[in-house]
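Quick notes on the structure that follows.
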Amino acid sequence: MKAWTSIMASLVALTALVLVVARADAQPPQQQARTDRLLYSVPPGWTRTEQEKYTVLHAPNLPAGKVAEIRILPASPLAGPLQAVAMAEGEQLKRSYAQVQLAPVNLVRHPNGFEMAIAGASMANPGAPGQFVYNALAFVRAGDQVQLLLLHTSDFALYQSHKVAFDALLHSTRVTDSILLVQGNPPLTQATVDSVTDFLEWLKAAEAEQNRYQPLPPPNKVAAR
């Protein structure tokens, strides 16, 4: 496990380096998506689904029984420095899982202008004795909130082969708070527009749900002759 920790630390550091160096090669158009405060490009061939607690991007062409997916959690209040939040998440993993190994946290400034903390973790797979799962974690600061992106794989070979897609997604990420649409006091940002849109969609869904259970009007009575 010490050897793995060293390799993971190197990969985490490489991710930080990739993020701060602009890529000059042309990239093909990719599907754009949003989860809460983050805009990102879905890796080619990956599929996106919404689960109860987070968004999931599923890798294509996996062997039966294997897992490689990117989980994007909703934003939550930022309680302290970003690096401290990342380290606290690592301590929570230690309390929740067995044989947890953590890579050092790297704090970077993303080319798109926001702060990000990069980390890594492995742990015993509770559903498969003797096996381990491997995660890469990225904590993105979005104003006064933080949002976690997580690469989750069921073995180290999958981690290595899918880390490139995860790094590309991180490189494409933008925070909606920093996308200025109209100057003003306060300025109109993409985050504000998205919040209004999300509220209107929720209101529409709530109204449709209420109408489903609306009692039917009583039948017309036939006038007695």
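The values are calculated or read from the model by the stated rules, or taken from the named source; none is laboratory data. Small disclaimer: the values here were computed from a predicted structure and weren't measured. Backbone-built Cβ (ideal geometry, glycine too); neighbour counts: all protein chains shown.
Points worth noting:
- Residues in region 34-57 that are over 24 Å from L78 (Cα atoms), touching a strand residue (DSSP E or B) at 6+ places or on another chain (Cβ under 6 Å), without any contact (Cβ under 8 Å) to a residue 24 or more places away in the chain and not hydroxyl-bearing (S, T, Y): R48 only.
- Residues within region 64-106 that are surrounded by fewer than 16 Cβ atoms within 10 Å (Cβ to Cβ) and assigned to a strand (DSSP E or B), tallied: 3
- Of all the listed residues (R48, R37), the sole one being under 11 Å from the mean Cα position of the chain (by Cα) and charged (D, E, K, R) is R37.
- Residues that are small (G, A, S) and surrounded by 14 or more Cβ atoms within 10 Å (Cβ to Cβ), drawn from region 107-132: A117, A119, G120, A121, S122, A124
- When residues in region 112-127 are screened for being outside any strand (DSSP E or B), in contact (Cβ under 8 Å) with a residue 24 or more places away in the chain and either touching a Pro at 6+ places or on another chain (Cβ under 6 Å) or small (G, A, S) (or both), 1 of them pass.
- Matching entry among F139, F114 (being aromatic (F, W, Y) and modelled with pLDDT of 95 or more): F139
- Filter result for V56 (surrounded by fewer than 16 Cβ atoms within 10 Å (Cβ to Cβ), at pLDDT 95 or above and within 15 Å of H152 (Cβ to Cβ)): no
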